[in-house]
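Report on the structure given below.
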Amino acid sequence: MEIEFEPPRSFTLDNVHFDTGKPALRPESFKELNEIAEYMRWRKEERYEISGHTDNVGKDDDNLKLSQARANAVKEYLVKKGIKAVRLTAKGYGHSQPVADNSTEEGRQANRRTELKIL
């Protein structure tokens, strides 16, 4: 019997964190990003989209710029870890793709996320 493992095509990077309103990665994010880089080195043929998302607090333009800057920060980190930039696309979506209700703090927290999609 042969068992094949097919990873999810898209998932939230739960342990990737940023300071409020800033695009710089917090140091506690490095462990998860290092694990992702290791996986990517193993799966050399795959391409990925890194997507940044925000809640709906603040101006639309600011949220879009922040989400793009955060996606770029994750991409830059992975490139520094040896992943070829041509395999990675960074895209900021602002608050256009919520996964929870923005009327509660819990919902806003869930919407402030970074996702990785296997293309």
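The values are calculated or read from the model by the stated rules, or taken from the named source; none is laboratory data. Treat the numbers as computed from the prediction; the structure is a model and nothing was measured. So basically every Cβ, Gly included, is an ideal-geometry build from the backbone, and we count neighbours across all protein chains shown.
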- Residues within region 1-47 that are at pLDDT below 90 and among the small types (G, A, S), tallied: 1
- By residue number, the members of region 76-97 that are closer than 21 Å to D61 by Cβ and of a type in the set (K, R) are K91
- Result of the Cβ filter at 6 Å on region 19-41, keeping first residues that are touching a residue at least 12 places away in the same chain (Cβ under 8 Å) and partners that are of a type in the set (D, E, K, R) and surrounded by 12 or more Cβ atoms within 10 Å (Cβ to Cβ), at least 6 apart or interchain, is P23/R70; A37/K81
- Among (1) touching an Asp or Glu at 6+ places or on another chain (Cβ under 9 Å); (2) exposed (fewer than 15 other Cβ atoms within 10 Å of the Cβ); (3) in contact (Cβ under 8 Å) with a residue 60 or more places away in the chain - the single one R9 does not satisfy: (1)
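Answer with yes or no whether S51 is closer than 20 Å to K117 by Cβ, buried (at least 17 other Cβ atoms within 10 Å of the Cβ) and of a type outside the set (D, E).
Numbers: closer than 20 Å to K117 by Cβ: yes; buried (at least 17 other Cβ atoms within 10 Å of the Cβ): yes; of a type outside the set (D, E): yes.
Yes, satisfied.
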- Query: Filter region 19-48 for residues that are loosely packed, with under 12 Cβ neighbours inside 10 Å and hydrophobic (A, V, I, L, M, F, W, C); which is farthest from the chain's Cα centre (by Cα)?
  - Reply: W42
